[in-house]
1. Based on alpha-carbon atoms only, what is the radius of gyration of the stretch 118-184 relative to the globular estimate 2.2 N^0.38 Å?
2. Given the stretch 73-201, report the % of alpha carbon pairs whose separation exceeds 16 Å.
3. Tell me the volume per residue, in Å³, of the convex hull enclosing the alpha carbons of the chain.
4. Sorted from fewest to most neighbouring beta carbons within 10 Å, what does the list 119, 229, 190 look like?
5. What percent antiparallel are the DSSP beta bridges of the stretch 77-227, to the nearest 5?
6. Mind giving me the nanometre distance, one decimal, between the label points for residue 264 and residue 104, set 7 Å out from Cα along Cα→Cβ?
7. Where both partners of a DSSP beta bridge lie in the chain, what percent of those bridges are antiparallel, to the nearest 5?
8. For the stretch 23-67, compute Rh as the Kirkwood radius over C-alpha pairs and then the Stokes-Einstein diffusion coefficient at 25 °C and 0.890 mPa s; write the answer in µm²/s, rounded to an integer.
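FYI, it's all coordinate maths here, none of it is from the lab. Only a predicted model underlies this, so the values are computations on that prediction, with no experimental measurement involved. Here Cβ is always computed from backbone atoms with ideal geometry, including for glycine, and neighbour counts include all displayed protein chains.
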Ligand code: ADP
């Protein structure tokens, strides 16, 4: 595979290889008169960890929700692993994709939300085995085997038979991470995974995410308010403001040498 030079602006990015796993092209999103995202172009490469920081209302969550297929863009295209999310190419022309297509493409994306969205009436084990059985068609035995490996990874193998209501917020979020991982996604999306947690539970969730990130080959898009975490885990950081990516770079560039006044002002709040 030939090396692709992404941009000389991104320190360390000479080493990125192959084609992007996620590709946003001229993505805009409006709610009525309010334009939330303005012609966003973004590539995420296999294995790359990209963190998105920025003030509240700058469009971070919308950027993630479009990739999660929870929202449809007003304009532009998104590709995951070479497949268009919202469109299909028919005889070279773009047409709107049907639900079946969306469902299939969605299968390669793992999602972890602010509110864990576990099934309250199912045990932890069933929460994690449900999708592999239903969506991937694994046998119950195969799904349980996979689920146990993932629950072990997030440190919750001893909670298999419990229900979400019996777990702390941090534990619930770790189950949600295991549930996403069990599908072996090509890209994992974390939308402010710790912002609904009590402060003392944030650390355990960030630690699990860091461990998964360190394993390497899965791309990650992380929306976060945790600056130290972003700095530790990300290969690249995007700063959004007013629906645009105002600045991007390595953690070192972003935190030690922010260029735009808006990013400088934003970071000052955390100092
Ligand atoms: P961030 O995650 O950076 O806080 P969001 O993507 O959540 O930003 O929101 C960006 C803007 O879009 C905000 O002004 C928000 O109020 C608006 N917005 C988000 N979702 C909706 C919606 N479903 N309907 C109308 N406005 C929305």
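1. For the stretch 118-184, the normalised Cα radius of gyration comes out at 0.97.
2. 66
3. On the way: hull volume 40.1 nm³, N = 271.
Spread over its residues, the Cα hull of the chain gives 148 Å³ apiece.
4. Numbers: 119 12, 229 21, 190 28.
Least crowded to most crowded, the residues run 119, 229, 190.
5. 40
6. Rounded to a tenth, the inter-label distance reads 5.1 nm.
7. Details: 24 of 41 bridges.
Antiparallel bridges: around 60 percent, rounded to the nearest 5.
8. Once the numbers are plugged in, D ends up at 214 µm²/s.
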